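Inspection log for the structure reproduced underneath, given as structure tokens.
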Amino acid sequence: MIIRFNRITAFRRNTGGATAVEFALAAPILFLLMFAIIEFGRAWWAKNSLQFAVERAARYAVVCDPNNPATCPSDSEVKTFAVNQAYAQSASSGNFTVAPLTLVSGKTVKCVSYIYQFTPWFVGDYGPLAGAMNFTGTSCREIQ
């Protein structure tokens, strides 16, 4: 009986493997946090890249002679320019729209907008985290 009790107390005092157990409990949380930070950075970069693209495209759309509309780029040219300005994004010209607006004062404003579906890469099809986020943005410039 005393031998069994000694073995039990010796087993209780043994701390070998405690670090592995603690790591097994903490590692999933740490990895989730690390991948969430990386994915948030990717999403922020994608949104900023697309916003930069529509701002540049809106400026490109209005740099023309307002008295001679033939010098203004077409909507398809503006969309192609916006696609080329979006750094490392898989955006197509279908993600961008160009809309002319006429103000009450008679001035014309060109607006370039985008709708982009951002899909996180590390989540996959995991239930509540699956799915894409829709990014939208607009930039408008007045034809001078």
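The values are calculated or read from the model by the stated rules, or taken from the named source; none is laboratory data. On a predicted model such as this, the values are computed, not experimentally measured, just so you know. Positions of Cβ are generated from backbone atoms using ideal geometry, with glycine treated the same way; all protein chains shown enter the neighbour counts.
Could you tell me whether Ala70 is under 25 Å from the mean Cα position of the chain (by Cα) and either at pLDDT below 90 or in a strand (DSSP E or B) (or both)? Criteria not met by Ala70. Taken over region 121-142, residues that are touching a strand residue (DSSP E or B) at 6+ places or on another chain (Cβ under 8 Å) and at pLDDT below 80 amount to 1. Scan region 54-72 for residues that are surrounded by 17 or more Cβ atoms within 10 Å (Cβ to Cβ) and among the charged types (D, E, K, R) and report the count. Qualifying residue count for the region: 2.
The residues of region 38-67 that are assigned to a helix (DSSP H, G or I), more than 19 Å from Ala88 (Cβ to Cβ) and either without any contact (Cβ under 8 Å) to a residue 12 or more places away in the chain or not charged (D, E, K, R) (or both), listed by number, are Ala58, Tyr60, Ala61, Val62. Of the residues making up region 39-53, just one is charged (D, E, K, R) and crowded, with 17+ Cβ neighbours inside 10 Å, namely Lys47. Pairs linking a residue in region 105-119 that is among the aliphatic types (A, V, I, L, M) to a residue that is assigned to a strand (DSSP E or B) and buried (at least 18 other Cβ atoms within 10 Å of the Cβ), with Cβ atoms under 6 Å and 6 or more positions apart or on different chains, are Val112/Val98; Val112/Ser139.
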